Amino acid sequence: MNKFLRAPLALAIAAGLMSTAQATNYVSVEGAGVTFYYDADFWGQDSASVTGNSISFDLDPSYSLTAKVASNKPSGTSVQTYAENASAAVVAVAHNGWALSSAVGFNLQGSYSGINGGSKLNASGSGDLYAGSFSGGSFSAGSYLNSYGVEFSRNGGTPASGSVNEAQTIFNDGVKYSALGLDAFLYTNAYQGGPGTVSLNTTSARYDFSVSAVPEPTTYGMLLVGLGVMAGVARRKRQA
């Protein structure tokens with residue numbers, strides 16, 4: 001896990017910053033068809049909640065920023081930035097009899113206020129999706145599947161306050177997986193040029209997983225037997 005401050009970054013660049021190091025402080029929580037493992041050093045020890053096969057995180061207050069320039073500083077500027085990234089920040093492992101698809105959704109939420117002529121705000125979330133396996137408390141990445149990324153931005157030409165609600169779903173490649181891992185990069189920036197106060201509160205992130213039941217081998221066997229019986233009946237009818 002890395003914490004750092006930097007100037008605004010393009011979303012396309014942010015998606016390429018993921019490292020290959022494995023997270024080491026996983027916490028597990030149960031979903032309807034999966035077990036989730038999340039990096040507590042990145043998200044926070046008790047930050048996760050699960051509904052069905054979706055896992056949500058309350059973001060650290062560090063992602064909520066305020067940039068302020070005093071009224072007697074007409075040429076002053078204030079820039080506040082926070083960003084953090086982690087490899088395999090979220091891992092989903094399908095329960096026995098279930099399988100995951102690559103159609104993972106991501107949603108970034110929050111609010112903003114105080115936009116004026118000298119304000120600029122930006123928040124983004126991005127990362128890569130990998131198939132792999134989870135064992136011994138670590139995720140071993142196999143094949144790269146796809147990337148995700150959402151971005152929120154506002155400036156002086158937009159309403160003074162409002163909500164942050166950016167979402168995306170990764171393309172479904174039609175393949176079933178037993179375990180998926182997602183890298184994560186979160187970035188926030190608040191800029192105020194000239195007198196004024198602007199705030200950006202990026203408060204939550206959510207991952208939505210698509211899970212489906214996988215028939216047991218005995219089910220396939222019974223299906224084949226049934227098809228054989230139906231074929232035999234059809235032959236006898238034709239011969240009658």
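The values are calculated or read from the model by the stated rules, or taken from the named source; none is laboratory data. Quick caveat, the model's predicted, so the values are computed rather than measured. A quick note on method: Cβ atoms are made from the backbone with ideal geometry, for glycine too, and the neighbour counts reach across all protein chains shown.
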Being over 15 Å from residue 180 (Cβ atoms) and part of a strand (DSSP E or B) is the filter here, so list the residues in region 29-56 that pass it. 29, 30, 48, 49, 50, 51, 56
List pairs: first residue in region 27-39 and closer than 20 Å to residue 59 by Cα and of a type outside the set (Val, Ile, Thr), second residue at pLDDT 95 or above and crowded, with 22+ Cβ neighbours inside 10 Å anywhere in the structure, Cβ distance under 6 angstrom, at least six positions apart or on different chains. 28/37; 36/55; 36/92; 37/91; 38/90; 39/86; 39/89
Region 78-97, subset polar (S, T, N, Q), assigned to a strand (DSSP E or B) and over 14 Å from residue 138 (Cβ atoms), residue farthest from the chain's Cα centre (by Cα): 78
Kindly list the number of the only condition in (1) within 12 Å of the chain's Cα centre (by Cα); (2) at positive phi; (3) not aliphatic (A, V, I, L, M) that fails for residue 107. (2)
What pairs come up if the first residue lies in region 41-55 and is without any contact (Cβ under 8 Å) to a residue 12 or more places away in the chain, the second is part of a loop (DSSP other than H, G, I, E, B) and surrounded by fewer than 17 Cβ atoms within 10 Å (Cβ to Cβ), and their beta carbons are under 9 Å apart, counting only those six or more places apart or on different chains? 51/32
Which one of these is more than 22 Å from residue 135 (Cα to Cα), charged (D, E, K, R) and outside any strand (DSSP E or B): 73, 68? 73
Go through the residues of region 70-88 one by one and say whether even a single one is surrounded by 15 or more Cβ atoms within 10 Å (Cβ to Cβ), closer than 18 Å to residue 33 by Cβ and at pLDDT 95 or above. no
Is one or more of the residues making up region 48-65 farther than 19 Å from residue 86 by Cα, crowded, with 21+ Cβ neighbours inside 10 Å and modelled with pLDDT of 95 or more? yes
